[in-house]
Amino acid sequence: MNPRSLPFWLLMAALYSMPIQARPVEQLSYKYYDITPTSLAGLHKAVFSRSPIKTNGRQYAGQTRWKLSYRYRRTLDGAGCRSGSLAIALDIQYTMPRLAKNHWTPISVRNAFNRYYQALLRHEQGHARSGRLAAREAELALQRLPVFPRCDQLNSAMVSTFNNIVLKYQQRDMEYDRRTVHGKTQGATLTNRR
């Protein structure tokens, strides 16, 4: 063996044994439902008569769904079973109202809707933040899991750690909605608009 190539091979072996540090991969999408308001007084009805978002018997104008997933490759060596590489994926989907393209809308209604839409989107982005925080925390926690004697123990630890993190941020979303009254305290309201 060439002595000059020895450090290169040692470096490659060390790099291969380290977990791959990659940022979570994020996929963002929007799903819209069209509304056709003709007056300021009818704007609320236009949004809520067309909204497909119903949860626990209540109807909402906007929604953010985030889904977190992971894949990992395990490495088994003399020390035991460890995570060799990890990939975290985050899918975020916003469901939001929009003014129908081929519908004439008075400028006052359009302006009121645009203000409402921006406030609603800011609120929904707070939910997306929960997904992003969950993705980062899951990535760090899963990478820091210790070596386990058996791979089934590693798998159980991965599943348990991941599920606990997702649950934590789902609860954060519920608290966020409670604190903001589903965005009303952030201006996402159509009540009392004339």
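The values are calculated or read from the model by the stated rules, or taken from the named source; none is laboratory data. Quick caveat: nothing in here was measured; it's all calculated off a predicted structure. We place every Cβ from the backbone using ideal geometry, glycine too, and count neighbours over all the protein chains shown. Please note that ligands, DNA and RNA were not included when accessible areas were found on the heavy atoms of the full protein model with its side chains. Shrake-Rupley method; radii C 1.70, N 1.55, O 1.52, S 1.80 Å.
Odds and ends about this structure:
- Any hit, region 166-186, residues being out of contact with any helix residue (DSSP H, G or I) (no Cβ under 6 Å at 6 or more places or on another chain), surrounded by 14 or more Cβ atoms within 10 Å (Cβ to Cβ) and small (Gly, Ala, Ser): no
- Selection from region 71-85 of residues that are closer than 30 Å to residue 133 by Cβ and open to solvent by 90 Å² or more (accessible area, probe 1.4 Å): 71, 73, 74
- Yes/no for residue 142 being buried (at least 16 other Cβ atoms within 10 Å of the Cβ), under 30 Å from residue 41 (Cα atoms) and either under 19 Å from the mean Cα position of the chain (by Cα) or among the polar types (S, T, N, Q) (or both): no
- Residue 129 open to solvent by 70 Å² or more (accessible area, probe 1.4 Å) and in contact with a strand residue (DSSP E or B) (Cβ under 7 Å, 6 or more places away or on another chain): no
- Top-ranked residue in region 48-70 [being in a strand (DSSP E or B) and open to solvent by 80 Å² or more (accessible area, probe 1.4 Å); ranked as farthest from residue 92 (Cα to Cα)]: 58
- Among residues of region 21-41 that are at positive phi, none has a beta-carbon under 6 Å from a residue that is not in a strand (DSSP E or B) at least six positions away or on a different chain.
- Filter result (open to solvent by 40 Å² or more (accessible area, probe 1.4 Å) and either not basic (Lys, Arg) or not in a strand (DSSP E or B) (or both)) within region 88-116: 91, 93, 101, 102, 103, 104, 107, 108, 110, 111, 114, 115
- Check on residue 136, over 17 Å from the mean Cα position of the chain (by Cα) and surrounded by fewer than 17 Cβ atoms within 10 Å (Cβ to Cβ): no
- Looking only at region 105-116, and only at residues there that are touching a residue at least 60 places away in the same chain (Cβ under 8 Å) and hydrophobic (A, V, I, L, M, F, W, C), the one that is farthest from residue 46 (Cα to Cα): 112
- Test result for residue 85, modelled with pLDDT of 95 or more and either among the polar types (S, T, N, Q) or in a helix (DSSP H, G or I) (or both): no
- Of all residue pairs spaced 6 or more apart or on separate chains, those with beta-carbon atoms under 6 Å, a first member in region 157-172 that is under 19 Å from residue 91 (Cα atoms) and a second member that is of a type in the set (Asp, Glu) are 165/137.
- Hey, residue 136 part of a helix (DSSP H, G or I) and touching a residue at least 60 places away in the same chain (Cβ under 8 Å) or not: yes
- Residue 10 being loosely packed, with under 14 Cβ neighbours inside 10 Å, within 30 Å of residue 74 (Cα to Cα), at pLDDT 95 or above and among the hydrophobic types (A, V, I, L, M, F, W, C): no
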